[in-house]
Amino acid sequence: MLISCTQALEICNKAQYDEAGSWQIFKLKLHHVYCRNCKAHAGKNGKLTELCSKADLKCMDHQKKEKLKEEIEKKITTDR
Amino acid sequence: MGKATLDPSKWVDRYADYLYNYTIAKVNDQILAEDLVQETFLAGLKSASGFKGDASERTWLISILKRKIIDHYRRSNSRKGKAEVKINFTQDGQQEGDWLEERVADAGRINIEEEMQNEELGIAIEECIAKLPEKQARVFRMKTIEGIETEDICKELNITPSNLWVIIHRARTALMSCLEKNWF
C-alpha cells in the first residue's frame with residue numbers, strides 16, 4: 001500500500017490528466033500524509049493544470065501545419 | 001555567446017503553436033491567427049538574408065509577427081471607417097443604433113480584465129514551453145493542449161508509456177519553476 005516518491009510523482013502526473021485510478025489516488029493521498037515534498041509538489045502540479053486550463057492554450061491545425069511545412073520546404077529548395 | 005542562426009525547416013514544429021497562441025491573444029480569431037502565422041513564416045523566409053543573428057530565431061519571428069498584427073489592425077480600421085461612412089449615408093440617421101459601435105454587442109465588458117489576464121497567462125505559459133527541450137515541449141503539447149491519448153502519443157513518437165510519464169514529469173517540473181519566476 002505504501003508507494004515510493006517516484007511512484008507518487010507518476011500517479012500525481014497521471015491524475016492531472018484523469019488517468020489515475022481511485023486505488024492509485026488513495027495510495028497517493030496516503031503517501032502525502034508522510035511525505036511533505038511530494039505533497040508540496042502535488043500542490044504546484046495541480047496549480048499548473050489549473051493555469052493551463054485557464055489560459056485555454058490552443059494548437060494550430062495539424063493539416064495547416066503540414067501544408068505550411070511543405071510550402072516552406074518548397075521555397076527553401078527553389079531558393080537554393 | 002555565438003550568433004543565432006535560422007533553420008526554417010524546423011520553424012513550424014518549433015514555433016507555430018507559440019506564434020499561434022500569441023496571435024490569438026492579440027486578434028481573438030483562430031483562422032486569422034493561422035493566416036498571420038503563415039504570413040510571418042513566409043515573410044521570415046523572404047527576409048532571412050537580413051537576419052543578423054543578434055536576437056534568437058524566435059524573437060526575430062515574433063518581431064515579424066508583431067508587424068503583421070499591426071498591419072492587420074491598420075487594414076481593418078480603415079475598413080471599419082469606410083463601413084461607418086457607408087451606414088451614415090444609407091440610413092436616414094434618425095433611428096437608434098445607426099452607429100456601428102451601437103450595433104456591436106458589449107457582452108465581454110464585465111470579464112474583460114479576467115480575459116486579458118488569461119491572455120497574458122497564455123503568453124507566459126507559451127514562453128515557458130518554448131524554453132523546454134524540443135521533445136518535452138512536443139509531448140507536453142500533445143498531452144496537455146491537444147489532449148491526445150497516452151497510447152496514441154506513444155505510438156506516434158515510438159516511446160513507452162513510462163518514457164512518456166518521465167518526459168511529462170520533467171516538462172511539468174520545468175514549467176512550474178519557470179512560471180514561478182515569471183508569473184507569480
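What accessible area per residue comes out for the protein assembly as shown, rounded to a whole number of Å², with a 1.4 Å probe?
Per-residue accessible area for the protein assembly as shown comes out at 62 Å².
Averaged across the residues of A:69-76, what count of C-beta atoms belonging to other chains lies within 10 Å of each residue's C-beta?
Average neighbour count from other chains, rounded to a whole number: 5.
What FRET efficiency would be calculated for the residue pair residue B:124, residue B:30, taking the C-beta separation as r and a Förster radius of 25 Å, to the nearest 0.05?
0.80
In percent, what relative contact order does region B:113-184 have, based on Cα pairs under 8 Å that are 6 or more apart in sequence?
Dividing the mean separation by the residue count of region B:113-184 yields 41 percent.
Rank these residues by their accessible area, most exposed first, probe 1.4 Å: A:5, A:38.
Per-residue accessible area, sorted high to low, gives A:5, A:38.
Return the average number of partner chain Cβ atoms within 10 angstrom of each residue Cβ along peptide A:46-52.
Mean number of neighbouring Cβ atoms from other chains: 5.
Could you give the length gained on full extension between residue B:180 and residue B:76, defined as 0.36 nm per residue of separation minus the Cα-Cα distance, in nm?
Once the chain is fully extended between residue B:180 and residue B:76, it gains 33.7 nm.
Using a probe of 1.4 angstrom, how much of the accessible area of region B:113-184 is carbon and sulfur, in percent?
48
Build a GNM of chain A with springs between Cα atoms under 10 Å: which of A:59, A:35, A:12 gets the top mean-square fluctuation?
Top of the fluctuation ranking is A:59.
Using a 10 angstrom cutoff on alpha carbons, build the Gaussian network for chain A and name the most mobile of A:65, A:29, A:44.
A:65
Shielding of B:24-36 by partners, i.e. mean partner chain Cβ atoms within 10 Å per residue?
The mean count of partner-chain Cβ atoms within 10 Å per residue comes to 1.
Find the sum over both chains of the accessible area lost when A and B are paired, probe 1.4 Å, and report it in Å² to the nearest 100.
Summed over both sides, the interface buries about 3500 Å².
If each of residue A:36 and residue B:49 carries a label point 7 Å out from its Cα toward its Cβ, how far apart are those two points in nm?
In this crude label model, residue A:36 to residue B:49 measures out at 6.4 nm.
Taking R0 as 25 Å, what's the FRET efficiency between residue B:151 and residue A:23 from their Cβ-Cβ distance, rounded to 0.05?
Given R0 = 25 Å and the Cβ-Cβ separation, E is 0.75.
For region A:5-79, with all protein chains present and a 1.4 Å probe, just round the carbon and sulfur fraction of the accessible area to a whole percent.
Answer for region A:5-79 is 51 percent, counting heavy atoms of protein chains only.
The values are calculated or read from the model by the stated rules, or taken from the named source; none is laboratory data. In this text the structure is predicted, and so the values were computed from the model without any measurement. Every residue, glycine among them, receives a Cβ derived from its backbone with ideal geometry; neighbour counts consider all protein chains shown. For the accessible areas, the whole protein counts, side chains as well, though only heavy atoms, and no ligand, DNA or RNA atoms are used. Shrake-Rupley method; radii C 1.70, N 1.55, O 1.52, S 1.80 Å.
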